[in-house]
Amino acid sequence: MSYALTIEPLGQTIEIEEGQTILDAALRAGIYLPHACCHGLCATCKVQVTDGEVEHGEASSFALMDFERDEQKCLACCATAQSDLVIEAEIDEDPDAENLPVRDFDGVVTRIESLTPSIKGVWIKLDAGMRFQAGQYVNLVLPGDIGSRAFSIASPPSADGEVELNIRIVPGGRGTTHVHEKMQAGDRVRIAGPYGRFFVKKSADVPVVFMAGGSGLSSPRSMILDLLEAGFDKPVTLIYGQRSRDELYYHDAFLALAEQHTNFRYVPALSHEPADSDWQGFRGFVHEAAKAAFDNDFRGHKAYLCGPPLMIEACITTLMQGRLFERDIYTEKFISAADAQQVRSPLFKAI
């Protein structure tokens with residue numbers, strides 16, 4: 001059974017299957033609804049139902065309060081249709097968004113490499129090519145009842161049907177443990193995508209700075225490779241942090257890119273490297289390295305932040321102190337139930 005879902009103010013009507021969430025139906029139709037956690041925790045995807053009935057699903061009582069349910073509001077990420085629906089959503093037009101529909105893709109794992117002691121590189125050759133914007137992510141479907149997990153695409157859109165995922169093992173995490181311990185080259189897998197609103201605002205035509213930590217390097221790597229391949233001529237800076245040298249992956253590749261492209265600057269930072277090592281680069285955290293690299297003045301840039309929530313909070317504070325503000329700062333955070341307390345920064349609204 002399916003229903004008609006009309007999305008205002010677009011005035012567009014799409015089909016929504018029984019049991020399918022409002023958000024999934026919209027994304028698969030190429031309509032972007034604001035969202036973040038996809039677990040009913042953050043309220044970013046809250047919409048107004050003006051006609052019809054919904055089942056609220058697992059919406060948190062904090063993200064969707066009782067009085068809001070009475071007012072016919074719902075969370076698009078977990079609400080399903082019980083009849084034909086009309087909803088009102090806040091939809092921002094973005095000249096740089098390609099608004100690509102989400103689809104399911106089958107493929108085969110072609111190789112798996114240990115990039116660091118805690119991060120695996122997984123390459124998947126898709127049966128059919130997937131068009132995506134650099135910076136977007138996919139959901140990787142895992143066996144049995146594990147479900148799916150979201151991972152940023154580390155390869156550029158030009159990679160010809162093969163996507164690279166950089167997957168950090170999460171202690172106790174069933175999904176990442178499966179990838180690290182059981183997944184093998186030759187395995188058939190399914191992914192869904194592309195998802196996300198994290199991409200370079202190319203139309204602004206201004207210098208860009210990427211600030212990344214841990215496996216948060218994935219999206220910036222895709223975006224940087226895409227920019228340099230396209231001949232982007234404004235300054236591009238990557239400030240990338242890890243704890244120690246053995247966790248600093250793609251280090252040599254970025255050094256080589258900096259040699260090849262005069263407009264690309266690479267600033268690696270190690271926060272817990274042993275004092276007696278031969279590391280000659282910056283010692284400290286990403287936000288500290290950024291402050292030093294830009295002499296605490298980020299005016300005239302667009303900044304793209306990707307990494308652990310605490311790193312992003314520190315970087316936002318540093319950027320604002322350096323006179324770069326909300327309209328020019330873009331963040332990517334994957335939010336699990338454990339991260340629910342850190343969904344929104346007190347300084348900066350989530351994107």
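The values are calculated or read from the model by the stated rules, or taken from the named source; none is laboratory data. Computed from a prediction, not measured in an experiment: that's the story for all the values here. Heads up, the Cβs are rebuilt from the backbone with ideal geometry, glycines too, and the neighbour counts pull from every protein chain shown. Note: areas computed on protein heavy atoms with side chains; ligands, DNA, RNA excluded. Shrake-Rupley method; radii C 1.70, N 1.55, O 1.52, S 1.80 Å.
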Cross-link pairs beyond the 28 Å C-alpha cut-off, checked among Lys73/Lys302; Lys46/Lys201; Lys73/Lys202:
Lys73/Lys302; Lys73/Lys202
For Leu142, which sequence-distant residues (separation of 5 or more, or a different chain) have an amide H within less than 5 Å of its own amide H, given hydrogens modelled in the peptide plane?
Gly147, Ser148, Arg149
Here the net charge surrounding Met1, from other residues whose Cβ is less than 12 Å away from its Cβ (Lys, Arg +1; Asp, Glu -1), is -4
What percentages, rounded to whole numbers, describe P(r) for the chain computed over all alpha carbon pairs with 20 Å bin width beginning at zero?
29, 58, 13, 0
Can you work out the Karplus-derived ³J(HN,Hα) for every residue in the range 315-331? Use 6.51 cos²θ - 1.76 cosθ + 1.60 with θ = phi - 60°, whole Hz, and x for glycine or proline.
5, 4, 4, 5, 4, 5, 5, x, 6, 10, 10, 3, 5, 10, 10, 10, 10
Over the range 215-288, what is the percentage of antiparallel beta bridges among all DSSP beta bridges, to the nearest 5?
0 percent
Could you grab the relative contact order for the range 177-269? Cα pairs under 8 Å, six or more apart, rounded to a whole percent.
27 percent
Residues whose modelled amide H sits under 5 Å from the amide H of Arg111, counting only those 5 or more places away in sequence or on another chain, are Trp123
With +1 assigned to the C-beta of every Lys and Arg and -1 to the C-beta of every Asp and Glu, and no other charges, what is the dipole magnitude of the chain about the Cα centre in debye, to the nearest 20?
1020 debye
Using modelled backbone amide H atoms (1.01 Å from N, in-plane), which distant-in-sequence or interchain residues come within less than 5 Å of Ala269's amide H?
Tyr240, Gly241, Gln242
P(r) of the range 269-323 over all Cα-Cα pairs, 10 Å bins starting at 0, rounded to whole percent, reads 23, 49, 23, 5
Sum up the charges of everything whose Cβ sits under 11 Å from the Cβ of Ala204, counting Lys and Arg as +1 and Asp and Glu as -1, but leave Ala204 out.
+2
Once label points are set 7 Å from the Cα along Cα→Cβ at both Gln12 and Ser158, what is their separation, rounded to one decimal in nm?
3.0 nm
Label-point separation in nm, Glu326 to Trp279, each point 7 Å along Cα→Cβ
3.5 nm
Just want to confirm a number: the relative contact order over the range 68-202, from Cα pairs under 8 angstrom separated by 6+ residues, in percent.
31 percent
Taking 306-317, 170-181 and ranking on average Cβ neighbours within 10 Å, highest first, one gets 306-317, 170-181
Dipole of the chain, positive end: most advanced residue of Ser155, Thr318, Val138 [Cβ charges, Cα centre]:
Thr318
Apply the Karplus parameterisation 6.51 cos²θ - 1.76 cosθ + 1.60, with θ equal to phi minus 60°, to every residue of the range 238-247 and state each ³J(HN,Hα) to the nearest whole Hz, in sequence, with x for glycine and proline.
10, 10, 10, x, 9, 6, 9, 4, 6, 9
For the chain, averaging the sequence separation of alpha carbon pairs under 8 Å that lie six or more residues apart and dividing by its residue count, the contact order in percent is 14 percent
Once the Cα atoms of helix 218-229 and of the chain are each reduced to a long axis, what angle between those two axes, in degrees from 0 to 90 to the nearest 10, is obtained?
70 degrees
Tell me, what is the 1.4 Å probe accessible area of Tyr137, in Å² to the nearest 10?
30 Å²
Calculate how steeply helix 251-260 sits against the longest principal axis of the alpha-carbon atoms of the chain, using the helix alpha-carbon long axis, and give the answer as 0 to 90 degrees to the nearest 10.
80 degrees
³J(HN,Hα) across the range 46-53 via Karplus (A = 6.51, B = -1.76, C = 1.60, θ = phi - 60°), whole Hz, x for Gly/Pro?
5, 10, 9, 8, 9, 7, x, 10
DSSP bridge pairs, the chain: antiparallel proportion in percent, nearest 5:
60 percent
Extended-chain gain in nm, criterion 0.36 nm per residue less alpha-carbon gap, Asn296 and Met65:
79.0 nm
Looking only at aspartates and glutamates whose Cα falls under 16 Å of Lys125's and that sit 8 or more positions away or on another chain, we get Asp104, Asp106, Glu113, Asp160, Glu162, Glu164, Asp187
Could you tell me what percent of the accessible area of the range 1-132 is made up of carbon and sulfur, with a 1.4 Å probe and every protein chain present?
44 percent
Please compute the per residue accessible area over the chain with all protein chains in place, 1.4 Å probe, rounded to a whole number of Å².
46 Å²
